[in-house]
Every structure is written in structure tokens, then in C-alpha cells.
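Every number here is computed from the coordinates shown, using simple stated rules; none is lab data. Note that the structure is predicted; figures quoted are calculated from it, not measured. Reconstructed Cβ throughout: ideal geometry from the backbone, glycine too, with neighbour counts over all protein chains shown.
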């Protein structure tokens, strides 16, 4: 057994200062220590997959029963874009450990699941003299492969540590939604995705801003409109654009981070809207392009016609919330950004895309490397 500070302090010395995750009783002392250390950042994610996307370079943490939530971003975000991260995953239901029935199967297959995802793993250190060696192996893997490495924490690995700051800080919150409701709206009169993306491009200078586009037609149309060094075209990991955005916005407060989301993607991981509202600052702008369809897979309807995304963002603590149904509404929103906290726009658009819509010729890993070079992050 080790103390929480032994591992966390050693991890800080080798460069880990960023944590995100979902609690597990095995992790309690570890999480409590990180939350209580003002020099560290901890994001309490709504699920393990959002923790993976948010952290993108620091350790996401959670119990192995939630590892299934993380499979998608681990395989289609971290693997594809070559994003190294240290995963600290507990081993509930480990063979020989008496535990709740819901942990039994995952306890048996945790190691196999990491191996299937091509993520090397080892057990979390249980003695002080193992910590640096374990972290060194992880860092060496990062350098050699630019992909995740996992530590599997068994019960009793870390000594108890009391929580010192249990109450979250108060945030500035919007009190009203700007813009008209969408009653009896005709989708045929709405702007195209292309027009909306062009306005976003025109409003995001190359220096000092980053545009993160969700997977599908959104990223492909952004690429078709202008392939810029400050663009990130998400592939796979559907719904994780806002998670990645909040992580980047917190890590780089000097950047204006614009997340361009879709209704299907937002619905898939809607819990992250609460995380953005709780943690993001005024350098995060979240734009939801809503055509009430999974456009890139044949325009099958989503349920967004019945969802008031602006009211959800308002309730989740965004500092500024707008609705719009035309390009002028988008233009006005982009001109009226607040610095008090994250801002949200629900923009209705029509379905359809460009003829012969291209796919990015640049690989996902190259997109990320180009972005890192552009923002001065090695």
C-alpha cells in the first residue's frame, strides 16, 4: 500500500498535472488528494469516455465497470490521433475478490480488454519503490508509440485520504436564452451547414483560436471550406468533441476554443454539457448545428426535434445561451462572446451536404501534430 501523495507527487515530477475521471471506491483516496491540491487540475466527468476525451494527455481514471464507456474514444480518438495518456483503471471483480455481481465479468476480462485495444498495462504500484519505474515505463511507451498506457489498481493499493474540498465553486450562469423559440420551424428555410461553417471560419482568426469539428459531414465540410492549421477534424469518437474542447480550453486559457457539434453527437453524450457548464471558462464556445438528422449516414431522424438544447445548456450552467435559425443569428452570437464562462448556440440548419464532399487528405495523426505545432505545444 502507498499513500496518495507518493504517487501523485512522483507523477507531477514526470509531467502529470491533469486528471479527469469518474469515482470508484478503490480510487477515493487518490481522487481526494488530487482535488485537494490546488496545483493540480481535476475534471469530474459524467462518464469514463468523456474523461478520456477531456484529458487527452493526462490520466483519466475510473473503475473497470465503466471501461466499456471508454472503449470508443480509446480506439477511435486516442488510437487514431496517436494521443498518449495514462489510464488508471480499478480492478473491481478481480478473480478471487468478493465483490458486487455487476463487476464479475468485467473483473475477469479487464486485462484482455486492454490487450484487445492494444493498450499495454500493468498493475498500479503498491510500494513506494515501484512508482517511478512504473511511470517511467508509461512515459517510454508514450515516446515510442504516442498511444495510451494503463495501470490497473487493485483494492487497497492506496491508503485512505480525506476529502478537503467537497463543494464545487460557484460559476457565472446565464439567466435567460437569447433568440426565438423554434416553434413550427420550416427546415427548408434554414441555412446550410456549409454557410454556417464559413461564418465560423470568418470569425476565428488563425492565430489564437482552435476549431474542433465533430465527426461526419461537419468535419469534412470544414475541411472542404478551408484546411487551416487551427482546425481539428474529429473522426469516430462520436459525441466527444465537447469533451475534447473543455479539456483544451482548460489547459490553454490563452486560446479561443470553438466546438462545432451536431445534434446526433450531442445527444449521444449529452452529459458532457453539464461538465462544460461546470468547468469551462469564457474561452470555450459550443455551437450545435442541428438538422434533426444523422446526416452522414442517410439523414435518419434524431430525436432532437423534441429536445430544447438551449434550455439544457442554460440549466447546466453555461454563461451565455443563444438560439438562432439564420446566419445573422450566428454572426451576432460570434460577435457577442462573453468572458464569464462558456457560451452556447443552438443553430437550426437544413440537411444535405456538398456534392462530391471530400475527405481530409491529411491523416488524423498529422492533423493533431499540425495543431500542436500551431498552438506551440510539443
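Things worth noting here:
- Contact order, relative form, for region 296-378: 25 percent (alpha carbon pairs under 8 Å, 6 or more residues apart, mean separation divided by residue count).
- Here 129, 37, 183 are placed in order of increasing Cβ neighbour count within 10 Å, fewest first, which gives 183, 129, 37.
- Comparing Cα centroids, region 354-372 and region 187-239 end up 12 angstrom apart.
- Residue-normalised convex hull volume from the C-alpha trace of region 172-284: 126 Å³ per residue.
- For region 3-56, the relative contact order is 41 percent, taking Cα pairs closer than 8 Å that sit 6 or more residues apart in sequence and dividing their mean separation by the residue count.
- Descending semi-axes in Å of region 76-228, equivalent ellipsoid built from Cα gyration tensor: 43, 23, 19
- Residue with peak Gaussian network fluctuation, the chain [Cα springs, cutoff 10 Å], from 211, 259, 307: 307
- For region 4-153, the Kirkwood radius over C-alpha pairs fed into Stokes-Einstein at 4 °C and 1.567 mPa s yields D = 85 µm² per second.
- Helix-derived mean residue ellipticity, 222 nm - over the chain, DSSP H n ≥ 4, -39500 (n - 2.57), to 500: -10500 deg cm²/dmol
- Take every Cα pair under 8 Å whose residues are at least 6 apart in sequence, average their separation, divide by the length of the chain, and the relative contact order is 18 percent.
- Shape category assigned to region 334-378 from the gyration tensor of Cα positions, a/c cut at 1.5: oblate
- The computed P(r) over Cα pairs in 10 Å bins from 0, in percent for the structure shown corresponds, within [x] 5, 20, 26, 20, 16, 10, 3, 0, 0; [y] 5, 19, 22, 19, 17, 11, 5, 1, 0, 0; [z] 5, 24, 32, 23, 12, 3, 0, to [z].
- Note on the chain: with a GNM built from Cα contacts shorter than 10 Å, the maximum mean-square fluctuation among 288, 206, 197 falls on 206.
- Taking the chain as a Gaussian network of alpha-carbon nodes connected by springs under 10 Å, the highest mean-square fluctuation of the residues 177, 31, 88 belongs to 177.
- Which of 355, 164 has the fewest Cβ neighbours within 10 Å, and the rest in rising order: 355, 164
- Counted by neighbouring Cβ atoms within 10 Å, the residues 318, 123, 149, 19 run from fewest to most as 123, 149, 19, 318.
- Among 280-287, 299-306, the order from most to least packed when residues are scored by Cβ within 10 Å on average: 280-287, 299-306
- Over all distinct Cα-Cα pairs of region 94-140, the Kirkwood formula returns a hydrodynamic radius of 12.5 Å.
- Bins of 10 Å, starting at 0 and running to the largest distance - Cα pair percent for region 177-374: 9, 41, 39, 11, 0
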